[in-house]
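For reference, the structure is listed below as structure tokens.
The values are calculated or read from the model by the stated rules, or taken from the named source; none is laboratory data. The model shown is predicted, which means the values in this text are computed figures rather than measured ones. Neighbour counts are summed over all protein chains in view; Cβ atoms, including those assigned to glycine, are modelled from backbone coordinates with ideal geometry.
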Amino acid sequence: VESEFEIQKFVREVEAGDYDSFFRRLQSFFADTPYELIRDLELHYQNVLFIVFKLVGFYVKAEYHTSEGRIDLVLQTDKFVYVIEFKLDGTAEDALRQINEKHYALPFEAGGNR
């Protein structure tokens, strides 16, 4: 029986820049996690994703410091940099607003940062 998560598809989606698909896959992954294992902390989700990304061989940094704040998670592939901000009690719009207001993508615009 195949898992709904299907790690190979997830990796391909990340590498292809198909963020809509890989975020949907992550939502499904967390929705399928038994509630006894879930903690009501952003740190729990950050930790789980950090481990998943590391295990599949992606370059990932947690709590990445910039001149204007701290990014929850940075995931880099050969072609893309994903700046991820977790909002347990907030919205995606709140996370995007923080990323934009604090210019979290700026350190990666010149490319080659690791």
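Sort through V56, V60, V11, V52 and tell me the only one that's surrounded by 12 or more Cβ atoms within 10 Å (Cβ to Cβ) and within 18 Å of F108 (Cα to Cα).
Exactly one residue qualifies, and that residue is V60.
Every residue in the stretch 65-87 that is in contact with a strand residue (DSSP E or B) (Cβ under 6 Å, 6 or more places away or on another chain) and part of a loop (DSSP other than H, G, I, E, B), please.
Scanning the stretch 65-87 gives E85, F86.
Taking the criterion of being closer than 21 Å to N47 by Cα, touching a strand residue (DSSP E or B) at 6+ places or on another chain (Cβ under 6 Å) and exposed (fewer than 15 other Cβ atoms within 10 Å of the Cβ), would at least one residue in the stretch 92-99 satisfy it?
no
Any chance the stretch 97-110 includes a residue that's part of a helix (DSSP H, G or I), of a type in the set (D, E, K, R) and more than 12 Å from the chain's Cα centre (by Cα)?
Yes - at least one qualifying residue is present in the stretch 97-110.
Restricting the first residue to the stretch 47-64 and requiring it to be assigned to a loop (DSSP other than H, G, I, E, B), which pairs with a second residue that is crowded, with 16+ Cβ neighbours inside 10 Å and not aliphatic (A, V, I, L, M) meet a Cβ separation below 9 Å and a spacing of at least six or different chains?
Sorted first by the residue in the stretch 47-64, then by its partner, the pairs are V56/F10; F58/Q76.
Yes or no: Y45 surrounded by 10 or more Cβ atoms within 10 Å (Cβ to Cβ), among the hydroxyl-bearing types (S, T, Y), at pLDDT 85 or above and within 16 Å of the chain's Cα centre (by Cα)?
Taking the combined requirement at face value, the residue does not satisfy it.
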